[in-house]
1. What pairs can you find where one residue is in the stretch 98-115 and assigned by TED's automatic domain parsing to the domain that holds Ser24 and under 12 Å from Ser24 (Cα atoms), the other is among the β-branched types (Val, Ile, Thr) and assigned to a loop (DSSP other than H, G, I, E, B), and their Cβ atoms are less than 9 Å apart, with a gap of 6+ or different chains?
2. Go through (1) more than 30 Å from Phe16 (Cβ to Cβ); (2) at pLDDT below 80 for Lys72 and report which single condition fails.
3. Residue by residue through the stretch 92-109, note down the ones that are surrounded by 13 or more Cβ atoms within 10 Å (Cβ to Cβ) and either modelled with pLDDT of 90 or more or among the aromatic types (Phe, Trp, Tyr) (or both).
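The values are calculated or read from the model by the stated rules, or taken from the named source; none is laboratory data. This structure is a prediction, so every number in the text was calculated from the model and none was measured. Note: ideal-geometry Cβ built from the backbone for every residue, glycine included; neighbour counts use all protein chains shown.
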Amino acid sequence: MDYRNAGGTQGGTGLFVVGLALFSVGIYLLFQQIDVHGGYWRWGVGNETTFGLTLIPLLVGIGVLFYDGSSKVGWALAGLGLLIIVAGIIANMQIHWRRTTLFNALLILAMVAGGLGMMARSLRAGGGGGDDDGGGRRRREPEQE
């Protein structure tokens, strides 16, 4: 059996695994520094919450599907209602970066970027004993006279 390394290159698996580990730790630390809060769902002004209005298409669609499970209108209403609810939740999220030192923030972001770079590099053809010049191009043979 012919087992190849990451990207079909020589020696790319080790670099890919190290890059994946670096990226994973960086993403984990980044997510630990972020707080997510939900806000009230409002359309318009004032203190009126209008989340109930967004349930109408979903509930009507579910009702139509209970009547006729193959109804395209029922599936469209249920899908649209679910999409409206998910979009409303995402639109009303408040995301905040926790207080941290500049060193920690740079370290976290460097780990994420470095891990992505190492994984991308592991997928390129490497220069190890082949006929290429290290950049994936074939070496030119010296011309014979």
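1. Within 9 Å, the pairs are Ile108/Thr100.
2. (2)
3. Thr100, Ala105, Leu107, Ile108, Leu109
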